[in-house]
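Scroll down for the structure; my scribbles are underneath it.
Every number in this text was worked out from the coordinates using simple rules, so none of it is lab data. Just so you know, these numbers come straight off a predicted model, no measurement behind them. Every residue, glycine as well, gets a Cβ built from its backbone with ideal geometry; the counts of neighbours run over all protein chains shown.
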Amino acid sequence: TLSNTLTPWTATGGVHTLLANADDINSITESNEGNNQLSATMTVTVTTNISITYPTSGTVVPRGSSLVFKVSTSGPIKFVRYYRGGIARCTADVTAPDFSCQWNVSPISFPGSTTAWFVEGLDINGNVLATSNSVDVIRGN
């Protein structure tokens, strides 16, 4: 009689060891009881992505108005940090119902000037896991 026990496992990123045992309680008499175990090491790679889905490059934002950024993430990203002109402007927890960053365009800003935005995806410890594309937003009149 052959039986097996498999416990479901959800893979997580990192190095893992898979272990298989035959006759683990020595119920079958064998000439070599020392060859009933086999192990193999595997590496699980988690795909981590982050991108700005709104606005797209070239979006014009009128002076005195607001722009709310939308971001798409995958993988173990816990926080999103938003950058404008290379300077961190705000950080949002991705588990919040509507995580985003709002930019209030100053009514005295320079019309037609371009501002580059990008975002970073961070893990629970604040380590950068992914960096997005850059999006150029134009200040309107």
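Using θ = phi - 60° and the Karplus relation 6.51 cos²θ - 1.76 cosθ + 1.60, list the HN-Hα couplings for region 46-63 in order, rounded to whole Hz, with x at every Gly or Pro.
Karplus-based 3J(HN,Hα) across region 46-63 equals 9, 6, 10, 9, 8, 8, 7, 9, 8, x, 9, 4, x, 5, 9, 10, x, 4 Hz.
Roughly how many nanometres apart are two label points built 7 Å out from the Cα toward the Cβ at residue 32 and residue 128?
Output for this residue pair reads 5.2 nm.
Sort the following peptides by mean Cβ neighbour count (other Cβ atoms within 10 Å, averaged over residues), highest first: 124-132, 12-20.
124-132, 12-20
Can you work out ³J(HN,Hα) from phi for every residue in region 86-94, in order, using Karplus 6.51 cos²θ - 1.76 cosθ + 1.60 and θ = phi - 60°, giving whole Hz and x for Gly and Pro?
Those phi angles translate into x, 10, 4, 10, 6, 10, 10, 7, 5 Hz.
Which three extents, in angstrom, do the Cα atoms of region 65-108 have along their principal axes, listed largest first?
Its Cα atoms span 40, 22, 13 Å along the three principal axes.
Mind listing the long-range amide H neighbours of residue 78? Cut-off is under 5 Å, sequence gap 5 or more, other chains count too, H placed in the peptide plane at 1.01 Å from N.
122, 123, 124
What is the Cα convex hull volume of region 1-114 when expressed per residue in Å³?
Convex hull of Cα atoms, per residue: 157 Å³.
Among 79, 110, 99, determine the one that fluctuates most according to a GNM of the chain built with springs between C-alpha atoms less than 10 Å apart.
Largest GNM mean-square fluctuation: 110.
For a quick check: with amide H placed at 1.01 Å from N, whose amide H comes under 5 Å from residue 89's, ignoring anything fewer than 5 positions away on the same chain?
For residue 89, whose amide H was placed from the backbone, the distant partners under 5 Å are 82, 83, 84.
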